Amino acid sequence: MSGPLIAPSLLSSDFGAFAEAARACQQAGAEFLHFDVMDGAFVPNITFGPGVVKALRPHSRACFDVHLMIERPERWIETFAEAGADIITVHAEACIHLQRVLAQIRAAGARAGLSLNPATPLDILDYVLDDLDLLLIMTVNPGFGGQSFIPAMLPKIAAARDRLSAAAHSVFLEVDGGIGGATAREVVRAGANVLVAGSSVFGHPGGLAAGVRALRVAAESD
Ligand code: DX5
Ligand code: ZN
C-alpha cells in the first residue's frame, strides 16, 4: 500500500530563502509544496501572494498546493493559476457562492480544493462533491504554524473519508495543522492521504529531509 503524500508548508521556512526551501523539499522527496496565503482579514496574519508562487515555479516540479486563507478568494483564482498553482484551495467560510468558486478554479486550469475550519460541519460536502478534487480538513484554527492538533478532528477526518467514498472520482483528503510524528499515524488511519506539515519538518533537529522521512515513517507505522 502506498503511503500518504507529504506537503511541507513554506510558512515554517525561512522567509528570506523560499527558493532554497522549495528545492530542498523536492530533494527530500515531498510530493507537494504547500503555500499558506493569508490576507490579515480572514485570518489574523499576512504572508505572501501569487508573486511568491510564480517566483518559485522554476525551482520545483512538486505539486503546488495553494491554500487561500483570504476573503472573497474568487478575486484571485486566475492570478494564482497563471502563477503556477496546481491545486487552489478555498475556505467554505470565505465563499458566499462556493460551488461557483470551485467551478472557477477548474475553469482556470487548476484542481479545486475546499477547506473546512475545525468547527465547520461536513454537511456542505454533499452539495459540492462533484466539484472537488481535494478536501482539506483543518486540524487547527488557521492563521499560524506551530499550533497543537485538535483531537476532535479525528472523527471528522474519518467521517469525511466515508463521504468522499461516495464521489464518482477520487478526491484527496488533506489535513493541515499540528501534523508530526505523534499525529501522522492517527490521521492516516482515519483516512487522510495528504499531510501538510510546517514546524515538524522545517523544525526537525536533523534538518528538513530527516523531518520528511520521519513523518513518512510515523505515518506508515503499524
Ligand atoms: C495554518 C496553516 C498551516 C501551517 C501548519 O494556518 O494552514 O499550513 O503552516 O503548520 P504546522 O505544521 O506547524 O502546524
Ligand atoms: Zn495550510
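Just so it is clear, none of the values below were taken in a lab; they were calculated from the coordinates. Bear in mind that the values here come from a model prediction, so they are computed numbers and not experimental data. Here the Cβ is made from the backbone with ideal geometry for all residues, glycine too, and neighbour counts use every protein chain on show.
Once the stretch 125-155 is narrowed to residues that are of a type in the set (Ser, Thr, Tyr) and within 16 Å of ligand 1 (Cβ to nearest atom), the residue that is surrounded by the most Cβ atoms within 10 Å (Cβ to Cβ) is Thr139.
If the condition is being touching a residue at least 60 places away in the same chain (Cβ under 8 Å), surrounded by 22 or more Cβ atoms within 10 Å (Cβ to Cβ) and in contact with a Gly (Cβ under 7 Å, 6 or more places away or on another chain), then the stretch 181-201 contributes Ala197, Gly198, Val201.
With respect to (1) out of contact with any Lys or Arg (no Cβ under 8 Å at 6 or more places or on another chain); (2) closer than 28 Å to Phe42 by Cα; (3) within 16 Å of ligand 2 (Cβ to nearest atom), the lone exception for Arg163 is condition (3).
Taking Leu11, is it within 10 Å of ligand 1 (Cβ to nearest atom) and part of a helix (DSSP H, G or I)? Here the answer is yes, as Leu11 does meet what is asked. Kindly provide the set of residues from the stretch 106-124 that are part of a loop (DSSP other than H, G, I, E, B) and away from ligand 1 (no atom under 15 Å from the Cβ), ordered by number. Once the filter is applied, which keeps residues that are part of a loop (DSSP other than H, G, I, E, B) and away from ligand 1 (no atom under 15 Å from the Cβ), the stretch 106-124 yields Ala108, Gly109, Ala110, Pro121, Leu122, Asp123, Ile124. Determine whether the stretch 139-158 contains at least one residue that is among the aromatic types (Phe, Trp, Tyr) and part of a loop (DSSP other than H, G, I, E, B). Yes, some residue in the stretch 139-158 is among the aromatic types (Phe, Trp, Tyr) and part of a loop (DSSP other than H, G, I, E, B).
Matching residues to (1) out of contact with any helix residue (DSSP H, G or I) (no Cβ under 9 Å at 6 or more places or on another chain); (2) touching a residue at least 24 places away in the same chain (Cβ under 8 Å); (3) more than 16 Å from ligand 1 (Cβ to nearest atom):
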site: Phe18; (1), (2), (3): no, yes, no
site: Cys25; (1), (2), (3): no, yes, no
site: Ala28; (1), (2), (3): no, yes, no
site: Phe42; (1), (2), (3): no, yes, no
site: Ala55; (1), (2), (3): no, yes, yes
site: Pro58; (1), (2), (3): no, no, yes
site: Glu74; (1), (2), (3): no, yes, yes
site: Ile77; (1), (2), (3): no, yes, yes
